[in-house]
Amino acid sequence: MKMTEEMIARSEALAPWLTEIRRSIHRFPETGWLEMRTSALIAKALTDMGYEVITGRAACAEAARMGVPDEKTTQAHLDRVLQYGCEEDYLTDDMREGFTGVVGVLRCGEGPTVGMRFDIDALGMQECAENTHRPMREGFASVNPGMMHACGHDAHAAIGLGTAKVLAAMKDQLHGTVKLLFQPGEEGARGAKAMVAAGHLDDVDVFIGSHVAPTDSLDDGDVTPGTYGSLATTKYDVTFRGLAAHAGGFPEKGRNALLAAASAVLALHAIPRHSAGESRINVGTLHAGTGRNVIPDEAVMQLEVRGETTEINSYMAASAEAACRGAAAMYGCTVEMRKMGEAEGQHSDEALLARIADVVRRDLPHLKVSSIENAKNWGSEDISVMMNRVQERGGQATYMRVMTPMASAQHTVRFDLNERVLVTGVQVFCAAAMDALR
């Protein structure tokens, strides 16, 4: 119990620092593969704590990155980061090129390897600028136009650094290896595959991730130690290319990319649903044409498919590709489909989530475990790719939820949370890791 008491005391003492870190990251939000300032901040903090730090192409395999911004966008964001200031000594050349994400490793002798994932990216949203919004009122609202931490990843990053700090201070009492993965590009399911492809999950025996969740959800405690059922998903950018022509004078000479795309939209939403479980399809954007009297020679759409299992999602993805190819052929056009993000089906190991529930009840009695210890998840999450790699290699994995009051729903412009969850998150992660590394 002395070990647990020390962990609790250390985490409680970190509360002001955790708030400072979270607000710093909230004020400078960065979307997927642009998390330059955030990654440099994390790399410096981990280095100062004594971790082995891996960044850049060594942290995220180049060929496995998905949904990467173009060079112009990356350079413009780098210019903004340098203008506002950052830990430039830790802003590596790779980070400047958009190879963000950080892995921290703490070696504590013989024993298992415990991996923990903390996502760090923001959403492409404009934060509320009204004084009734606490981040605006208290001076830590986003200064990056069109970017906002509206999902809680700023809190996740702070919890990760707090966990790192406590475990490093207690290193001599641990047996094994701590591996912390600060993942870029979770939104849109773009970043996990790159970390998996770089091999960072291959030696992990116990893997833990979490997400902040609202207290008014079905979870009735401070922590839900396991979740299951995240929908597998594939995201596409689809470009139809045809041939422009005068719509009145020579319509027969054109190849209408807009008609091909419009036909594809109807075909996509008509894909027969799978009998084995839930499936989803959505075309979110469609842009085409240059004028009312010109046959459109290009149309670009963004779409996604989802499935209750990886297999159902694969069926939806194959059907979507066939629908787009067929629509393009019907109008004499070509089609290019770029995969922009991907996640798999996900489940938490019952034995691990039960163990964490027992650890929280035993070591953190001031926190309540939800009555449903393994809750159905919503949406999609590319932590599934990490979890599946660990489980395929014989390890155990769980994806928790840590509850907090929220000012507004996630993915909304007024999102904010109760910063007490930062300490709660650190304590749950530390207690679970310490139990595995005793």
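The values are calculated or read from the model by the stated rules, or taken from the named source; none is laboratory data. These figures come from a predicted structure and were not determined experimentally. Heads up, the Cβs are rebuilt from the backbone with ideal geometry, glycines too, and the neighbour counts pull from every protein chain shown.
Please go through segment 276-314 and pick out each residue that is in a strand (DSSP E or B) and touching a Ser or Thr at 6+ places or on another chain (Cβ under 9 Å).
Arg280, Ile281, Glu298, Ala299, Val300, Met301, Gln302, Leu303, Glu304, Val305, Arg306, Gly307
Yes or no: Cys324 crowded, with 19+ Cβ neighbours inside 10 Å, on the phi < 0 side of the Ramachandran plot and either touching a Gly at 6+ places or on another chain (Cβ under 9 Å) or in the same structural domain as Ser371 (by TED's automatic domain parsing) (or both)?
no
Looking only at segment 233-243, decide whether some residue is in contact with a helix residue (DSSP H, G or I) (Cβ under 9 Å, 6 or more places away or on another chain), of a type in the set (A, V, I, L, M, F, W, C) and surrounded by fewer than 19 Cβ atoms within 10 Å (Cβ to Cβ).
yes
Where the second residue is among the polar types (S, T, N, Q) and surrounded by fewer than 22 Cβ atoms within 10 Å (Cβ to Cβ) and the first is in the same structural domain as Ala155 (by TED's automatic domain parsing) and touching a residue at least 60 places away in the same chain (Cβ under 8 Å) and lies in segment 167-194, which pairs have Cβ atoms under 7 Å and are six or more apart or on separate chains?
Gly176/Thr113; Thr177/Thr113; Lys179/Thr113
Say we look at segment 186-242 and pick out the residues that are among the hydrophobic types (A, V, I, L, M, F, W, C) and assigned to a loop (DSSP other than H, G, I, E, B); which of these is farthest from the chain's Cα centre (by Cα)?
Only one residue tops the list, namely Leu218.
Checking the structure you have, find out if any residue of segment 128-144 is part of a helix (DSSP H, G or I), without any contact (Cβ under 8 Å) to a residue 60 or more places away in the chain, under 25 Å from His77 (Cβ atoms) and not acidic (Asp, Glu).
Yes; the residues of segment 128-144 include at least one that is part of a helix (DSSP H, G or I), without any contact (Cβ under 8 Å) to a residue 60 or more places away in the chain, under 25 Å from His77 (Cβ atoms) and not acidic (Asp, Glu).
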